[in-house]
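All remarks here apply to the structure that follows.
The values are calculated or read from the model by the stated rules, or taken from the named source; none is laboratory data. This is a predicted model, so every value here is computed, not measured. Because the Cβ atoms are built from the backbone with ideal geometry, glycine has one as well, and the counts that use them run over all protein chains shown. What goes into the accessible areas is simple: the full protein's heavy atoms, side chains included, and nothing from ligands, DNA or RNA. Shrake-Rupley method; radii C 1.70, N 1.55, O 1.52, S 1.80 Å.
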Amino acid sequence: MSITRAASIDDLRRLGKKRVPRFAFDFVDGGAEDEVNLAKNRSAFQAIELTPRYLVDVSEPVTETVLFGTSYAVPFGMAPVGFLNMAWPGADLMIARLAAEKRMPHVISTASSTPLEEIAEAAGGHAWFQLYVSGDEAMIGGLLARAEAAGCDVLLVTVDIPQPGKRDRDIRNRLQIPFRPTPGMIADLVAHPRWALGTLRAGAPQFGNFSLDRSGGAPPSLAEIQQRMIAPDFDWNGLKRLRDQWKGKLLVKGILHSQDALMAAEAGCDGIVVSNHGGRQADFAPASIAVLPQIANALAGRIPILLDGGIRRGADIVRAKALGASFVLAGRAFAYGAAAGGDAGVRHAFGLLETELRRTLGQIGRPDFNAVDGSVLAINDRQKPDMRLPAAGA
Ligand SMILES: Cc1cc2nc3c(=O)[nH]c(=O)nc-3n(C[C@H](O)[C@H](O)[C@H](O)COP(=O)(O)O)c2cc1C
C-alpha cells in the first residue's frame, strides 16, 4: 500500500510497522505490561456515540480554536514524544515543520532526539516544552531557561512517572539508549535498510537536550534512564515551586483524578492534560477519555482541559470536546505517519485527522468546533451515566 492510499491512522501504523525495525517500532507502538490500558484508550473512544443531526448549513466548518490567547488552525497538536526519531530519522523536525505550516502546537519532549532549540525554530513559534522533573535542580533550571529562550511559552510538567513504566516489549527487545545493537537487532536493521541508513546518517537516537553520564559500565536500560530523569519525591510543593519559577503558561500532564485536577488549579496551573501517557505507564489505569467527564465536572470550567491517549480519528477529537476537553494532543498518530512515510507521512496523518474532524462536524450538524458540547452525545443505555454530563464549558 502506498502512503496516499492509507485511509486511516491505523493504515499508517500498518505501513510503518513494515518500514521500521521491530525494536524501534515496538518502542513507539508499545504500552505498559499487558497493554490493557493501551487498548482501553481506543475501545473507550469507540464506545462513545454522537448523534447525527441534519438539515443544518455545514458548508463552512470552523476548526480554528483559541487556547491561551493563541489561535490555532485545529484543536489538536503534537504530544511530547521522547526519542521520536526511533519512528523515522528526522521525525521530530518533520513534525515541527508541519506544526509551523499548519498552525498547531508541537510539544517538545525533555527526551527529544534533537536539541529543543532546533525543534523550536522549525516549529516557527508553535513550540511548547514538556518537562520531566529530575532531582537535579541545575538541570531543570537549565532546561527551563533554554525552553524560554527558544520561545516556548507553554510548559507541560509531566507527573505520571513517579516510577518508570514497565514496557515488556522493550525489555524483550533489550532496548538501550545510547543504542547498543544486539545480534537480533542487526538482522532487523539489515532487513530495514532505509531506516538503518537514514539513522546512520542522522546519528543513532540520542538525548538531544542533555548527555548522560556514561562513565564506566554498560549503557543504562530505558527504564533506568526514566528513573534518572524523574524524582520520585516530586510533590505538590515541588510543583508550586516550578509555578513560581516559570513565567509562561504551566500545565500539569498526566492527571486522571478529579481531586488532582482541583489541586492543580489551586496550585496556580493554567490547565491540565488528562492523560495516561498513552497507556505506557500504569496498565491498571482507566482510559483517559473515561475519566474526563468527572474531571470536567469537578473543574467546572476553572481552567482549560487538554486530553491525550488514543486519538486516532477526527471523531475522537469531537468526542473529547463533548466530554469537556478544549483541545487534544496526539502522539502515536503523528509518529505512525513518520514511520509510514517520513515527511509525506506526517502530512498525511495531519490531513486524515483534519478531514475526519470536519466530516464529523458536518455529520452532527455543528459546523463550529467551538460550539460542540455535551448535547452532541447520544444518550442511551450503552453509555455510562457519567458520560452523559454536558461539557463543563471549559
Ligand atoms: C514513543 C513515545 C514516547 C513518549 N515520550 C513522552 C515524553 O517524553 N514525555 C511525555 O510527557 N510523554 C511522552 N509520551 C506520551 C505522550 O505525550 C502522550 O501522552 C501519548 O502518546 C498519547 O497517546 P497516543 O500515543 O495514543 O496519542 C510518549 C509517548 C510515546 C508513544
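Go through region 292-314 and give me each residue that's over 14 Å from HIS277 (Cα atoms) and within 16 Å of the ligand (Cβ to nearest atom). Matches in region 292-314: LEU292, ILE295, ILE305, ARG312, ARG313, GLY314. Cβ-Cβ contacts under 7 Å between residues 6 or more apart (or on different chains), taken from a first residue in region 161-173 that is open to solvent by 30 Å² or more (accessible area, probe 1.4 Å) to a second residue that is modelled with pLDDT under 95 and away from the ligand (no atom under 15 Å from the Cβ), are listed as PRO162/PRO232; GLN163/PRO232. Taken together, the criteria place GLY124 among residues that are part of a loop (DSSP other than H, G, I, E, B), modelled with pLDDT of 95 or more and out of contact with any Gly (no Cβ under 8 Å at 6 or more places or on another chain). Being at negative phi, within 15 Å of the ligand (Cβ to nearest atom) and in contact (Cβ under 8 Å) with a residue 12 or more places away in the chain holds for only one residue in LYS240, LYS249, LYS253, and it is LYS253. Kindly evaluate GLY342 against the criterion of being over 16 Å from the mean Cα position of the chain (by Cα), on the phi > 0 side of the Ramachandran plot, at pLDDT 95 or above and assigned to a loop (DSSP other than H, G, I, E, B). Taking the combined requirement at face value, the residue does not satisfy it. For region 345-377, the set of residues classified as part of a loop (DSSP other than H, G, I, E, B) and surrounded by fewer than 19 Cβ atoms within 10 Å (Cβ to Cβ) consists of GLY365, PRO367, ASP373, listed by residue number. Identify all residues within region 248-277 that are open to solvent by less than 10 Å² (accessible area, probe 1.4 Å) and assigned to a helix (DSSP H, G or I); write none if there are none. Passing the criteria: ALA261, ALA264. Within region 145-160, being more than 11 Å from the ligand (Cβ to nearest atom), within 22 Å of the chain's Cα centre (by Cα) and open to solvent by 10 Å² or more (accessible area, probe 1.4 Å) holds for ARG146, GLU148, ALA150, GLY151, ASP153. Residues in region 1-25 that are of a type outside the set (Lys, Arg), over 18 Å from PHE350 (Cβ atoms) and away from the ligand (no atom under 11 Å from the Cβ): MET1, VAL20, PRO21, PHE23. For beta carbons closer than 6 Å, sequence separation of 6+ or different chains, a first residue in region 188-207 that is more than 22 Å from LEU15 (Cβ to Cβ) and a second that is not in a helix (DSSP H, G or I), the qualifying pairs are ALA204/PHE179.
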